[in-house]
Amino acid sequence: MTTTRVVPVPALRLIVAGALRAPSVHNTQPWRWRATSRTLELHADRSRGLPATDPEGRNLVISCGAALHHAQVVAGALGWATRVDRHPDPDDPDLLARLELSPAPPTREGADVLAAVELRCTDRRRFTSWPVPDERLDHLAAVANQWGARATALSDVTERFLAERLVHRAGVIQRENRAAVLEQEAWLGRGAVDGIPVAALEDSGVVADAYAHRFETAPGHLDDDVHGSDGLVVLFDSRDDPTSWLTAGEGLSALWLAATQGGLSVVPLSQVIEVAQTRAAFRAEVLGGLAEPLVLARVGWQAMNRTPLARTPRRPLDEVLTLG
């Protein structure tokens, strides 16, 4: 009979510290981790939800899914295999996943993955006009699919036109929603450990009173629109429920880290999914009524000579991780 080795506390802390680098809606970091001698549990932290723009908790769970993927790849890079049980307790819907850890050789790409985790950020500055080749977008979609998500690049001219129009419409609708605007403002310049630092907006040249995109940084007025050279990848599912949201978050994280390793920049366009009107239109017009859109990601090249952005802060590890 074999026994699972106890995971040293320093290893557990390193894995969760890597998971904390994941992107989250408004940089709310809506997660909690609990560690035992052999497992890590990921819990949703509903106290950090956004009732005006995310009443169902879709973006909250997608954010947690991104952290779950980060935890898995960081663990692999550090020499720990993971077996993941998603939604393991029907009586505890906020227990999103349990990771069982066991020793294993570090993954071959481990060093590159750890570097991408540290480098990855949401850079909302205007992409260059250099188009992203279709094969690169297809590769990113395939990476997301490898993690159980469902993703496809929008390369058809009509699909792109419809998606662009809906993104613009969603931005207009949300800017007219006073509750949504106040919610954004509550997470702007909030403090030293979460939210969007004003410096991140100033460094990127955006304006603080523009309606924020949800993942980590806020856009300027122009970034409500998709430009012709931008690549678009949509993550979708046949269902619109917490199981599909969690998997979409894992796929988004996998896509984002792969893009970072390839020198590409990713900006999630979540507002088109948040607004019920545009989400329904996207489902009908872009996906042919066959699937539920969960995340739309804009992909492109940033200028080589751009200055680094101020990094969004992270909550202290000991505030997020409980050792039990």
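The values are calculated or read from the model by the stated rules, or taken from the named source; none is laboratory data. This structure is a prediction, so every number in the text was calculated from the model and none was measured. Cβ atoms come from the backbone with ideal geometry, glycine included; neighbour counts cover every protein chain shown.
What residue, among those in the range 144-157 that are more than 30 Å from residue 84 (Cα to Cα) and in contact with a helix residue (DSSP H, G or I) (Cβ under 9 Å, 6 or more places away or on another chain), is surrounded by the most Cβ atoms within 10 Å (Cβ to Cβ)?
154
Which one of these does residue 130 not meet: (1) surrounded by fewer than 17 Cβ atoms within 10 Å (Cβ to Cβ); (2) outside the structural domain of residue 194 (by TED's automatic domain parsing)?
Single failed check for residue 130: (2).
Go through the range 64-100 and give me each residue that's farther than 27 Å from residue 259 by Cβ, of a type outside the set (Lys, Arg) and in contact with a strand residue (DSSP E or B) (Cβ under 7 Å, 6 or more places away or on another chain).
85, 87, 88, 89, 94, 95, 100 - these are the residues of the range 64-100 that are farther than 27 Å from residue 259 by Cβ, of a type outside the set (Lys, Arg) and in contact with a strand residue (DSSP E or B) (Cβ under 7 Å, 6 or more places away or on another chain).
Identify all residues within the range 108-120 that are surrounded by fewer than 18 Cβ atoms within 10 Å (Cβ to Cβ) and assigned to a loop (DSSP other than H, G, I, E, B); write none if there are none.
Matches in the range 108-120: 108, 109.
Consider residue 272 carefully, then state whether it is closer than 18 Å to residue 57 by Cα, modelled with pLDDT of 95 or more and crowded, with 24+ Cβ neighbours inside 10 Å.
Here the answer is yes, as residue 272 does meet what is asked.
Output the residue which, of all residues in the range 174-213 that are touching a His at 6+ places or on another chain (Cβ under 8 Å) and closer than 17 Å to residue 23 by Cβ, is modelled with the lowest pLDDT.
212
Could you pull out the residue among 51, 55 that is in contact with an Asp or Glu (Cβ under 8 Å, 6 or more places away or on another chain) and exposed (fewer than 14 other Cβ atoms within 10 Å of the Cβ)?
Residue meeting the stated conditions: 51.
Name the residues in the range 295-311 that are of a type outside the set (Phe, Trp, Tyr) and either part of a strand (DSSP E or B) or touching a Gly at 6+ places or on another chain (Cβ under 8 Å) (or both), would you?
Answer for the range 295-311, where residues must be of a type outside the set (Phe, Trp, Tyr) and either part of a strand (DSSP E or B) or touching a Gly at 6+ places or on another chain (Cβ under 8 Å) (or both): 295, 296, 297, 298, 299, 300.
Tell me, which residue of the range 125-168 that is touching a Ser or Thr at 6+ places or on another chain (Cβ under 7 Å) and of a type in the set (Phe, Trp, Tyr) is modelled with the lowest pLDDT?
Taking the candidates together, the pick is 127.
Under 9 Å between Cβ atoms, which residue pairs at least 6 apart in sequence (or on different chains) link something in the range 248-261 that is surrounded by fewer than 24 Cβ atoms within 10 Å (Cβ to Cβ) with a partner that is charged (D, E, K, R)?
Matching pairs, first to second residue: 260/120; 261/109; 261/112.
Could you check the range 79-106 and list, in sequence order, the residues that are out of contact with any Lys or Arg (no Cβ under 9 Å at 6 or more places or on another chain), closer than 30 Å to residue 267 by Cβ and crowded, with 18+ Cβ neighbours inside 10 Å?
82
Considering every residue within the range 59-76, establish whether at least one is surrounded by 16 or more Cβ atoms within 10 Å (Cβ to Cβ) and assigned to a loop (DSSP other than H, G, I, E, B).
No, the range 59-76 has no match at all.
Taking the range 252-294 on its own, how many of its residues are within 19 Å of residue 138 (Cα to Cα), under 18 Å from the mean Cα position of the chain (by Cα) and in a loop (DSSP other than H, G, I, E, B)?
Counting residues in the range 252-294 that are within 19 Å of residue 138 (Cα to Cα), under 18 Å from the mean Cα position of the chain (by Cα) and in a loop (DSSP other than H, G, I, E, B) gives 4.
Can you work out which of the residues in the range 305-324 that are within 26 Å of residue 144 (Cα to Cα) and either assigned by TED's automatic domain parsing to the domain that holds residue 35 or of a type in the set (D, E, K, R) (or both) is modelled with the lowest pLDDT?
311
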